[in-house]
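The values are calculated or read from the model by the stated rules, or taken from the named source; none is laboratory data. It should be emphasised that the depicted structure is a prediction, and the values quoted were computed from it without experimental measurement. FYI the Cβ positions are ideal-geometry reconstructions off the backbone, even for glycines, and counts take in every protein chain you see. Note: areas computed on protein heavy atoms with side chains; ligands, DNA, RNA excluded. Shrake-Rupley method; radii C 1.70, N 1.55, O 1.52, S 1.80 Å.
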Amino acid sequence: VTAIDVLAPAMDERLYERLRPGLAELDAVRDGVTLHEAFPLATGTLRHWLGLPRLLGRIVRAVRAARFVHAGPSQLQRPFENLACLVGCLLGRTTVYVVDIDHRGSPRMNLATGTWSFGVYWRARWIHGTWARVQHALARRLCSVLLLKGKALAADVGRARPHVHWFLDAAHAASMVLDEQRLATKCAALAAPAGPLRACYFGRLTAYKGVDRMLRAVAAARSAGAEVVFDVFGDGEQRAELEQLARELGLAR
């Protein structure tokens, strides 16, 4: 593959400017990646459905020009990625169906934390969850390759099919893996009672990751007399909010 065409929803200017610090710019010539607008991200559900014929035309043109189609499941109210998979199958392209997170436990966790009401939980689990399972089952039958994040999801969806694989999209190089000697040294240092407990978070700074709760937990532990150092590595739309929270809790350095 020498070039990649990305057909994706487009952010409006206001959202783009808010997220811009955490975004990277790609050049079609330099990076071999060309972006095409599928539809405005802010489009409402009704307008999205009314625009499906035009969107389907864009998908067909994009798939016809491609050798491989990389897509995944879609939200119930907004068919898009799944249409690309279907068109790819119908046109005989190699189709790669990707699910980059196992959301099956999200309804239970959001209900337990009080983020969702029981009504939202019920709809997410039994309506949207069922829709996701239907898409996964169809992909297993129709798509060339399935890449599913997590062994449990791959095992449940794949049912031992050879074209269904689990993966971890970790952003680490092989050189970052500790050898046996360095690992033993680190474990010994962690087991030593001297010094504060050091914890860290790596990842996107977005609401569902719960970094705000981590900060509050660290603040509560410190208030109870614990020596804890918490480092946060990442970026995202919640960064400014989390920085302000850290200052309010007296955790900022």
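A quick yes/no check of all residues on (1) surrounded by 15 or more Cβ atoms within 10 Å (Cβ to Cβ); (2) in contact (Cβ under 8 Å) with a residue 60 or more places away in the chain; (3) touching a Leu at 6+ places or on another chain (Cβ under 6 Å); (4) not in a loop (DSSP other than H, G, I, E, B):
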{"residue": "P107", "(1), (2), (3), (4)": "yes, no, no, yes"}
{"residue": "A132", "(1), (2), (3), (4)": "yes, no, no, yes"}
{"residue": "Q135", "(1), (2), (3), (4)": "yes, yes, no, yes"}
{"residue": "L147", "(1), (2), (3), (4)": "yes, no, no, yes"}
{"residue": "R161", "(1), (2), (3), (4)": "no, no, no, no"}
{"residue": "S175", "(1), (2), (3), (4)": "no, no, no, yes"}
Since D235 meets every condition but one in (1) part of a helix (DSSP H, G or I); (2) in contact (Cβ under 8 Å) with a residue 12 or more places away in the chain; (3) not aliphatic (A, V, I, L, M), which condition does it not meet?
-> (1)
If we ask which residues in region 89-105 are out of contact with any strand residue (DSSP E or B) (no Cβ under 6 Å at 6 or more places or on another chain) and either open to solvent by less than 40 Å² (accessible area, probe 1.4 Å) or outside any loop (DSSP other than H, G, I, E, B) (or both), their number turns out to be 4
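Here is a check on your reading of the model: is H165 part of a strand (DSSP E or B), under 15 Å from D102 (Cα atoms) and open to solvent by less than 100 Å² (accessible area, probe 1.4 Å)?
Values: part of a strand (DSSP E or B): yes; under 15 Å from D102 (Cα atoms): yes; open to solvent by less than 100 Å² (accessible area, probe 1.4 Å): yes.
Considered against the rule, which asks whether it is part of a strand (DSSP E or B), under 15 Å from D102 (Cα atoms) and open to solvent by less than 100 Å² (accessible area, probe 1.4 Å), H165 comes out as yes.
Is it the case, given these coordinates, that A221 is open to solvent by less than 50 Å² (accessible area, probe 1.4 Å) and of a type outside the set (F, W, Y)? Working first, answer last.
Working: open to solvent by less than 50 Å² (accessible area, probe 1.4 Å): yes; of a type outside the set (F, W, Y): yes.
Considered against the rule, which asks whether it is open to solvent by less than 50 Å² (accessible area, probe 1.4 Å) and of a type outside the set (F, W, Y), A221 comes out as yes.
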Residues satisfying the stated conditions in region 27-51, i.e. under 14 Å from A8 (Cα atoms) and among the aliphatic types (A, V, I, L, M) = V33, L35, A38, L41, A42
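Pick from region 235-253 the residues that are under 23 Å from T115 (Cα atoms) and of a type in the set (G, A, S): which of them is modelled with the highest pLDDT? Break it down stepwise before answering.
Taking region 235-253 first, the residues under 23 Å from T115 (Cα atoms) are 235-246, 248-249.
Of the ones still in play, those that are also of a type in the set (G, A, S) are 236, 240, 246.
Working: G236: 83, A240: 88, A246: 95.
Filtering first and then ranking leaves A246.
Could we say that L205 is farther than 26 Å from F233 by Cβ and open to solvent by less than 70 Å² (accessible area, probe 1.4 Å) here?
Working: farther than 26 Å from F233 by Cβ: no; open to solvent by less than 70 Å² (accessible area, probe 1.4 Å): yes.
Here the answer is no, as L205 does not meet what is asked.
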Odd one out for A62, checked against (1) open to solvent by 50 Å² or more (accessible area, probe 1.4 Å); (2) of a type in the set (A, V, I, L, M, F, W, C); (3) at pLDDT 95 or above; (4) out of contact with any helix residue (DSSP H, G or I) (no Cβ under 7 Å at 6 or more places or on another chain) = (1)
